[in-house]
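The values are calculated or read from the model by the stated rules, or taken from the named source; none is laboratory data. Everything quoted here is computed from the prediction, not taken from an experiment. As a convention, Cβ positions derive from the backbone with ideal geometry for all residues, glycine included, and neighbour counts pool all protein chains shown.
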Amino acid sequence: MKVGINLPVMVPGLTRELVRQWCRRVDSGPYSSIGAGERIAFPNPEIMVTLASAAAWTERVKVAFHVLVPPMHDAVLLAKQVATLDVLSGGRVCLGVGTGAREEDYRAVGATWDARLLSRLESSVETMKRVWDGSHAIDGVSRSVEPRPLQRSGPPILAGVLMPQAIARAARWADGITGFSFGPSPDDVRMRFESARQAWKDASRPATPRLVTGFWFALGAQPDEQVASYLERYLAFMGEGAGRALAPNISARSPAALRDALLMCRDLGADEVMLVPTTSDPEEADRAAEVIASLPRG
């Protein structure tokens with residue numbers, strides 16, 4: 001099982017130097033990927049620019065969208081941006097996509113929030129793939145939209161979907177799933193992995209799905225407060241006090257607990273786990289690296 005890590009993009013006070021330090025520590029550590037998730041109406045850096053910086057400051061790790069929200073964007077422009085990043089990163093892009101869960105993000109960019117988000121996500125993915133292989137025709141445009149991705153068939157696409165019905169639909173167009181679990185909860189992770197395996201089988205896909213999950217963690221000097229403060233800010237849309245009320249559900253608040261959570265995900269069949277930090281302190285990447293190094297091989 002591989003272990004990647006997100007940049008702390010949802011933590012306030014992020015600077016050029018902090019991002020650079022995170023990138024260099026991650027690239028020199030035991031990590032497989034460096035990632036970021038997308039929000040709009042939130043004090044976080046924009047995902048495409050942030051991951052372009054990560055690509056420039058790293059040489060080895062995959063550059064992971066965890067998760068990009070195509071229904072908020074023009075699919076052709078998005079295809080060009082992702083392909084450009086794949087070229088400039090040397091073919092290291094992995095594209096997680098989803099519908100997002102915040103109506104206010106859609107409103108902020110003038111995009112439509114409706115009951116057809118999954119269908120629109122699927123349409124965006126289809127358009128991006130056709131742009132990448134040169135088969136997408138655009139009225140009044142005589143040339144194809146390039147560059148083509150460096151990865152021959154385009155970056156691998158993982159569906160950021162959580163429920164069995166959405167996972168079943170993703171089996172038609174995705175290479176796997178990229179989920180998230182609050183705890184992490186073994187029941188959550190198991191359900192999504194089993195749903196994906198069954199969906200890929202039902203869809204007669206020749207390959208098994210790539211199974212990725214993620215969760216929050218805290219290894220600082222005051223992990224309980226670190227988690228509570230993070231969730232209070234990030235989950236403010238759920239109402240006052242909701243974040244702190246949910247904080248006790250986050251189990252990975254010590255090296256031993258993080259190790260147990262990683263082993264649980266491995267035993268359930270995860271191909272990769274994406275750790276999501278709750279602090280901008282770059283030493284958090286080093287602390288998690290020590291835990292990863294302690295995992296038994298195999």
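The table below lists the values:
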read-out	value
Single unsatisfied condition, Gln226 versus (1) under 17 Å from Ser185 (Cα atoms); (2) surrounded by 22 or more Cβ atoms within 10 Å (Cβ to Cβ); (3) more than 21 Å from the chain's Cα centre (by Cα)	(1)
Residue within region 185-202 that is buried (at least 16 other Cβ atoms within 10 Å of the Cβ) and farther than 23 Å from Pro164 by Cα present	no
Some residue of region 35-45 being surrounded by fewer than 20 Cβ atoms within 10 Å (Cβ to Cβ), over 21 Å from Ile177 (Cα atoms), touching a residue at least 24 places away in the same chain (Cβ under 8 Å) and touching a helix residue (DSSP H, G or I) at 6+ places or on another chain (Cβ under 6 Å)	yes
Scope region 1-49; condition modelled with pLDDT under 95 and of a type in the set (Lys, Arg); matching residues	none
Pairs where the first residue, in region 2-31, is among the small types (Gly, Ala, Ser) and the second is in a loop (DSSP other than H, G, I, E, B) and at pLDDT 95 or above, C-beta under 8 Å, 6+ apart	Gly4/Tyr31; Gly4/Ser32; Gly4/Val61; Gly13/Ser280
Filter result for Gln151 (modelled with pLDDT of 95 or more and closer than 30 Å to Gly241 by Cβ)	no
Candidate set from region 56-67 (those that are within 23 Å of Gly176 (Cα to Cα) and free of Cβ contacts under 8 Å to residues at least 60 places away in the same chain); member that is surrounded by the fewest Cβ atoms within 10 Å (Cβ to Cβ)	Arg60
Count of residues meeting criterion [touching a Ser or Thr at 6+ places or on another chain (Cβ under 6 Å) and at pLDDT 95 or above] in region 119-139	1
Residues within region 51-109 that are at pLDDT 95 or above, in a strand (DSSP E or B) and not charged (D, E, K, R), tallied	10
Residue identified as on the phi > 0 side of the Ramachandran plot, out of contact with any His (no Cβ under 9 Å at 6 or more places or on another chain) and surrounded by fewer than 20 Cβ atoms within 10 Å (Cβ to Cβ) among Gly100, Gly90	Gly90
Qualifying position, being of a type outside the set (Gly, Ala, Ser) and in contact with an Asp or Glu (Cβ under 8 Å, 6 or more places away or on another chain), among Leu68, Leu88	Leu68
Extreme residue, surrounded by the fewest Cβ atoms within 10 Å (Cβ to Cβ), among residues of region 118-144 that are over 26 Å from the mean Cα position of the chain (by Cα) and in contact (Cβ under 8 Å) with a residue 40 or more places away in the chain	Ile138
Count of residues meeting criterion [among the β-branched types (Val, Ile, Thr) and farther than 17 Å from Ser280 by Cα] in region 12-33	0
When residues of region 218-252 are limited to those that are without any contact (Cβ under 8 Å) to a residue 12 or more places away in the chain and in a loop (DSSP other than H, G, I, E, B), the one nearest to Ala289 (Cα to Cα)	Ala221
